[in-house]
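Since the structure comes first, as structure tokens, the remarks are kept for the end.
Every read-out reported here was derived from the displayed coordinates using simple, explicitly stated rules and does not represent laboratory data. Just so it is clear, the structure is predicted and the values come from calculations on it, not from any experiment. Cβ sites come from the backbone with ideal geometry, for glycine too, and all protein chains shown count toward neighbours.
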Ligand code: RFL
């Protein structure tokens, strides 16, 4: 929709108007736009990267039941229901032995493996199929008048533009601009940097069902999961300054086999490696997630070390709260949810970050780690598999906290 400038009464192409300006076309921004659309609320998404880049970003893959149900409820479940792979137990390896914990609870809830890139593609296809806008290569620079009549200033195709809106949704990830617009956000932000990185590998190799899950190894942690029956997603713990070309493909497969050793002759099926990336591990929480008519969600507000597979799942939890908050505010003029936005999201986020850090502390080898520390990690791992209470705690944490809204 074009914005009619009241002074000149001319429609200008550099000013646009919508009800909700959404910064970021990651899972959080795209899901929010869809939820608002279903409530009859217009939005515009501004995304600084190209469409091709957004569609090719390989990240999350393990979805909680609540995430699956939410995607189905907004109409983005068709391919997910067809291609999502039920994930009913987790393999945990340590000290050369493989253990299994069931992740099916008494209500039959379980995890599902389905790639983040597919979720993003499904949501983009839905939105564009309905003729609704996503501005790719539109870089947001700053916001104005967040407590009054919000304006998002951005540049697109080298032209400075302004998006006038009633509400701003900051879904722009850890390095976005939204969080910095919340006064006091810095003082309310807490960070833990881990002294290692994850080397992520996507391979055209049939996953070996006998080699899945998490491997605690004195050589460093490793993870194996499936993206389909032909594509494997693998991770190796590496040094923080590791470069993707530091290991050739054979060395990667050899290292995975060594870290997953469990006294059997099982080995990874090898195949061409089609994508490699390195990510630093950090835990981060910003406890101020709202100011005026700006709310932030997902990685913009918190980062979890990916060991617990919770980042995208947490973003979905926030977005549910944000969609309800904006809807109530815009449709009924009721600001109760808005005033409680941070506290409501944090009820789910804090225990989730805690669990993700606990997983990371238990699974990785830390620089200078003593034998005592390793034995304590074994004891923690054993507690998750050997008693009904420990299994229950592991299962509940993996399946995810209940939604506050
Ligand atoms: P995203 O996905 O980072 O999207 C933010 C978007 O905002 C854009 N942006 C801007 N646009 C306009 N103007 C600006 N100034 C902008 N600044 C930024 C960015 O280009 C981007 O497109 O955040 P969102 O939507 O909050 O989603 C979060 C998830 O992407 C993230 O939490 C997960 O990927 C984390 N994660 C996992 N989560 C899970 O739930 N299960 C998993 O199995 C899982 N595995 C992972 C993961 C993350 C990983 N990495 C790479 C850290 C595995 C890995 C290796």
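Placing R0 at 30 angstrom, the Cβ-Cβ distance between residue 264 and residue 386 gives a FRET efficiency of 0.90 after rounding to 0.05. Over the stretch 195-279, what relative contact order in percent results from Cα pairs under 8 Å that are six or more residues apart? Reported as a whole number, the value is 45 percent. Principal-axis analysis of the Cα atoms of the chain puts helix 249-259 at an angle of about 70° to the longest axis. Sorting the segments 210-222, 152-164 by their residues' average number of neighbouring beta-carbon atoms within 10 angstrom, most packed first, yields 210-222, 152-164.
Taking the average, over residues, of other Cβ atoms within 10 Å as the packing measure, peptides 17-27, 363-373 rank 17-27, 363-373 from highest down. For the residues 343, 188, 169, a GNM of the chain with alpha-carbon springs under 10 Å puts the largest fluctuation on 188.
The angle separating the long axis of helix 311-332 from the principal Cα axis of greatest extent in the chain is about 20 degrees. Neighbour counts of C-beta atoms inside 10 Å place 322, 398, 376 in the sequence 376, 398, 322, starting with the fewest. Mean-square fluctuations from a GNM of the chain, with a 10 angstrom spring cutoff on Cα atoms, peak among 301, 76, 315 at 76. For residue 245 and residue 366, the difference between the fully extended length at 0.36 nm per residue and the C-alpha to C-alpha distance is 41.3 nm. Determine the percent antiparallel among the DSSP beta bridges restricted to the chain, to the nearest 5. Among the beta bridges of the chain, antiparallel pairing accounts for roughly 75 percent. With contacts taken as Cα pairs under 8 Å at a separation of at least 6 residues, the stretch 235-382 carries a relative contact order of 19 percent. Per residue, the convex hull spanned by the alpha carbons of the chain comes to 147 Å³. Using just its DSSP H runs of length 4 or more, each adding -39500 (n - 2.57), the chain gives a mean residue ellipticity at 222 nm of -10500 deg cm²/dmol after division by all residues.
Using the Cα gyration tensor of the stretch 195-279, with a ≥ b ≥ c the square roots of its eigenvalues, what is the shape: rounded (a/c below 1.5), prolate (a/b larger than b/c) or oblate (neither)? Verdict is oblate for the stretch 195-279.
Against the chain, whose longest principal axis comes from its Cα atoms, helix 388-399 is set at around 40 degrees. Across the chain, the relative contact order, built from alpha-carbon pairs under 8 Å that are at least six residues apart, equals 19 percent. Listing 330, 312 from fewest to most neighbouring C-beta atoms within 10 Å gives 330, 312.
Centre-to-centre separation between the Cα atoms of the stretch 93-164 and those of the stretch 274-322: 10 Å. Ordering 238, 350 from the fewest to the most neighbouring beta carbons within 10 Å gives 350, 238.
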